[in-house]
Amino acid sequence: MATTQYDPDCIFCKILQGQIPSTSLFESDAFLVFLDINPANRGHALIVPKRHVETVFDLPEGYGEELIAIMRKVGKAIMKATGATGMNILQNNYADAGQAVPHVHWHLIPRFAGDGLLPWSTKTYADGDEMASLAGKIRSVL
Ligand code: 5GP
Ligand code: ZN
């Protein structure tokens, strides 16, 4: 797995290369985990692959197993250290989904009862076959 493929204009690549400081929680050959500078809650961390790709769709095979292991290991540690009673693990792809930094990363956000961070609002499907029809369309392009 390549570990040195960086973009000189990317803020996370600069952090990965030590050109910009970060508050690190965990590091491996393929990932760095550091605290988000503007946390949704204190302890909010980012899991960042040591390779510049924009979205999860661009990530080569081979990162998944370690990624889940890091989510479990660091996520549990953040919950223990902060006293959090919940955790959101989020990942945004493209600006229209809220991705501000175009270097793929996963948010570990510790949650507390009544912390005011709300989930997104929900919509409904029209009566009839809209739900089944959309599912069929998605399955047809898998
Ligand atoms: P996105 O919206 O792309 O999913 O999330 C980007 C995250 O990166 C934001 O939560 C933002 O606070 C964080 N961030 C942006 N620049 C820096 C930085 O220089 N250092 C750290 N630690 N976090 C950053
Ligand atoms: Zn980058």
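What follows draws every value from the coordinates through simple rules; no lab data is involved. Model, not experiment: these values are computed from the prediction. Here the Cβ positions follow ideal geometry from the backbone for every residue, glycine too, while neighbour counts run over all protein chains shown.
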- Item | Under the Karplus curve 6.51 cos²θ - 1.76 cosθ + 1.60, θ = phi - 60°, whole-Hz ³J(HN,Hα) for region 8-23, x wherever Gly or Pro sits | x, 9, 9, 5, 6, 4, 5, 5, 4, 8, x, 7, 10, x, 9, 9
- Inter-centroid distance (Cα atoms) of region 27-76 relative to region 107-142, Å: 23
- For T55, which sequence-distant residues (separation of 5 or more, or a different chain) have an amide H within less than 5 Å of its own amide H, given hydrogens modelled in the peptide plane? V104
- Measuring from the lowest to the highest alpha carbon on each principal axis, how far does region 11-141 reach, largest first, in angstroms? 54, 38, 25
- Karplus-derived HN-Hα couplings along region 110-127 (A = 6.51, B = -1.76, C = 1.60, θ = phi - 60°), whole Hz, x at Gly and Pro: x, 10, 10, 3, x, 7, x, 7, 9, x, 5, 6, 10, 10, 10, 8, 5, 4
- Please list, or write none, the lysines whose alpha carbon is within less than 16 Å of the alpha carbon of K50, excluding same-chain residues fewer than 8 places away. K14
- Arrange the peptides 56-69, 20-33, 114-127, 38-51 so that the one whose residues have, on average, the most other Cβ atoms within 10 Å appears first. 38-51, 20-33, 56-69, 114-127
- Note on the structure: The ratio Rg/Rh over the Cα atoms of region 44-116, Rh being the Kirkwood inverse mean 1/r radius, stands at 1.00
- Query: Looking at the P(r) of region 1-73, how many percent of alpha-carbon pairs lie beyond 17 Å?
  - Reply: 43
- Message: Which lysines, if any, have their Cα less than 27 Å from the Cα of K123, not counting same-chain residues under 8 positions apart?
- Response: K137
- Quick one: angle between helix 130-140 and the longest Cα principal axis of the chain, in degrees between 0 and 90, rounded to 10, please. 60
